[in-house]
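The values are calculated or read from the model by the stated rules, or taken from the named source; none is laboratory data. A quick note: this is a predicted structure, and the numbers were derived from the prediction, not measured. A quick note on method: Cβ atoms are made from the backbone with ideal geometry, for glycine too, and the neighbour counts reach across all protein chains shown.
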């Protein structure tokens, strides 16, 4: 074992300089690498990567937990500029060394394929550009996190308005929606400016790497070996054929329940006057406790995992002012733990978010047995199967009688809302993914925010035309401002749509045999990133697919199940 000579205070201070990291990389560069030493060398590399990754994760998490914390932001930015680029360049030398050795360790076929792609794409000139890209992403987060409205004498973040948009009183919903929309539009020019800077950076990054456009670069960066951009466009067509009509039926049912001819944007989540909005939990503590009970019903091990996370304060669930938007699961590989971040405000959707992120967390736990960090690098397309399938696997246990959240009537409503949400998600996903395909293959046009508005609007009409936005053209056209993936995680969205189709297939298997389906799911998670994407799907009992027939079968299962709850 190589002595890495890393300061013991690393994860306590999180303020290392590059000079403190450099000796560890130098030691690995100088260490012998052969068939006899490969295991030890890879183990040392893994230890170093774990330290670096956990430092990054903790510093980044601090800026998300409090976007107003100037000290946390300064520390993260100092790490991004003073350590991260140098570490990535040094890490690339280690990748090059392993590839040059010709060694092929057991269980390393897929990681080696990924490493070769990274080596071919890596350019040291891109490191400062990537740092600036992350900084702009944080700037976008800061803008969004600061957006609030005044309502009823209280200052509310935009996520905190969500319960009000379920209010049976339509005038209340409209007033709240318009206030929130006006506040979001107030940042229109600032977000446009961030977008133009991000676009220029990404085009330069792709050019530096010798790629014809950023889409081609992103495809290789995201290691998409098992499908093509044309497959995504075919997937959009499948959604248009099967999911868009189903989504229109969902919206028509909701309009009928509200006594409306057509839904406006402030009506999409509303409850009828005779149905009080579901408020299944009071705060994050109750959300965590009840979710732990639900997980124990799915699988004892899953319940134990969530108990560990509660006990070790690895959950930040409640929304608050200054907190970054969204939800995610990150990991602390040195501590060998995941961490879940989200913005709960007491809605059924918050339960699904926690179930979703718990699926990611369980993926971390289940793949920890793999010895090398490269083997734990899971394709996002399957990582999202882990999360979305967990939403469906846990769904049967959400009743209060099972330790969950709902009485029988509330359970039926929550299940219908979840399943309808899947049908509504696929068309929206196609808009987000389609916008990015357009933007990065039409970069000259995409540099004009007005052209971006028009492109988004065209896609919205194609996939989301069932909602009436008349008189709200600016609000509709700037919808791309409100999807953080476009700014922070370019081309990271189709994975959700593909994974949702995989998750529905896992659910179909669970309807036949829940225990066998959960066992297959766990076996697939334990594979980490050691096999290809189609093999991961197959291990979980699904097929990696883009075609209309598979989409239609999933839609039919969902609609049949919804019909079974028709008395809700």
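Things to note:
- Scanning region 213-249 for residues that are closer than 15 Å to residue 439 by Cβ, without any contact (Cβ under 8 Å) to a residue 60 or more places away in the chain and not in a helix (DSSP H, G or I) yields a total of 0.
- Within region 298-315, the set of residues being crowded, with 17+ Cβ neighbours inside 10 Å and either touching a helix residue (DSSP H, G or I) at 6+ places or on another chain (Cβ under 6 Å) or in a loop (DSSP other than H, G, I, E, B) (or both) comprises 298, 299, 302, 303, 305, 306, 314, 315.
- Candidate set from region 149-177 (those that are within 23 Å of residue 273 (Cα to Cα) and in contact with a strand residue (DSSP E or B) (Cβ under 8 Å, 6 or more places away or on another chain)); member that is surrounded by the fewest Cβ atoms within 10 Å (Cβ to Cβ): 161
- Verdict on residue 202 being more than 19 Å from residue 264 (Cα to Cα) and either part of a loop (DSSP other than H, G, I, E, B) or under 20 Å from the mean Cα position of the chain (by Cα) (or both): no
- Residue count for region 522-556, restricted to those that are in contact (Cβ under 8 Å) with a residue 24 or more places away in the chain, closer than 22 Å to residue 297 by Cβ and either touching a strand residue (DSSP E or B) at 6+ places or on another chain (Cβ under 9 Å) or assigned to a helix (DSSP H, G or I) (or both): 4
- Flag if residue 118 is modelled with pLDDT of 95 or more, farther than 26 Å from residue 470 by Cα and out of contact with any strand residue (DSSP E or B) (no Cβ under 9 Å at 6 or more places or on another chain): no
- Residue 87 being surrounded by 17 or more Cβ atoms within 10 Å (Cβ to Cβ), within 27 Å of the chain's Cα centre (by Cα) and free of Cβ contacts under 8 Å to residues at least 24 places away in the same chain: no
- Residues in region 83-109 that are on the phi < 0 side of the Ramachandran plot and outside any helix (DSSP H, G or I): 83, 103, 104, 105, 106, 108.
- Which numbered condition residue 470 misses (of (1) closer than 30 Å to residue 376 by Cα; (2) part of a loop (DSSP other than H, G, I, E, B); (3) at pLDDT 95 or above): (1)
A quick yes/no check of all residues on (1) surrounded by fewer than 18 Cβ atoms within 10 Å (Cβ to Cβ); (2) more than 26 Å from the chain's Cα centre (by Cα):
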site: 31; (1), (2): yes, yes
site: 41; (1), (2): no, yes
site: 59; (1), (2): no, no
site: 65; (1), (2): yes, no
site: 72; (1), (2): no, no
site: 76; (1), (2): no, no
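- Hits in region 388-404 (condition: touching a strand residue (DSSP E or B) at 6+ places or on another chain (Cβ under 8 Å) and either in contact (Cβ under 8 Å) with a residue 40 or more places away in the chain or buried (at least 21 other Cβ atoms within 10 Å of the Cβ) (or both)): 398
- Put simply, of 422, 486 the only residue that is under 23 Å from residue 228 (Cβ atoms) and modelled with pLDDT of 95 or more is 486.
- Answer from 480, 507 - the residue that is part of a helix (DSSP H, G or I) and within 30 Å of residue 217 (Cβ to Cβ): 480
- Matching residues, region 489-511, being modelled with pLDDT of 95 or more and surrounded by fewer than 18 Cβ atoms within 10 Å (Cβ to Cβ): 508, 511
- Residues (surrounded by 17 or more Cβ atoms within 10 Å (Cβ to Cβ), under 26 Å from residue 241 (Cα atoms) and within 21 Å of the chain's Cα centre (by Cα)) located in region 522-557: 533, 537, 542, 544, 545, 546
- When each of 519, 500 is tested for being within 20 Å of the chain's Cα centre (by Cα), part of a helix (DSSP H, G or I) and over 30 Å from residue 139 (Cβ atoms), the lone residue that passes is 500.
- Given (1) over 22 Å from the mean Cα position of the chain (by Cα); (2) free of Cβ contacts under 8 Å to residues at least 40 places away in the same chain; (3) crowded, with 18+ Cβ neighbours inside 10 Å, number of the condition residue 442 does not satisfy: (3)
- Reported count of residues in region 328-344, each being closer than 20 Å to residue 269 by Cα and surrounded by fewer than 20 Cβ atoms within 10 Å (Cβ to Cβ), is 0.
Yes or no, residue by residue, for (1) part of a helix (DSSP H, G or I); (2) within 15 Å of the chain's Cα centre (by Cα):
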position	(1), (2)
341	no, yes
346	no, no
353	yes, yes
359	yes, yes
370	no, no
393	yes, no
413	yes, no
418	yes, no
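- Within region 143-157, being part of a loop (DSSP other than H, G, I, E, B) and touching a residue at least 60 places away in the same chain (Cβ under 8 Å) holds for one residue alone: 146.
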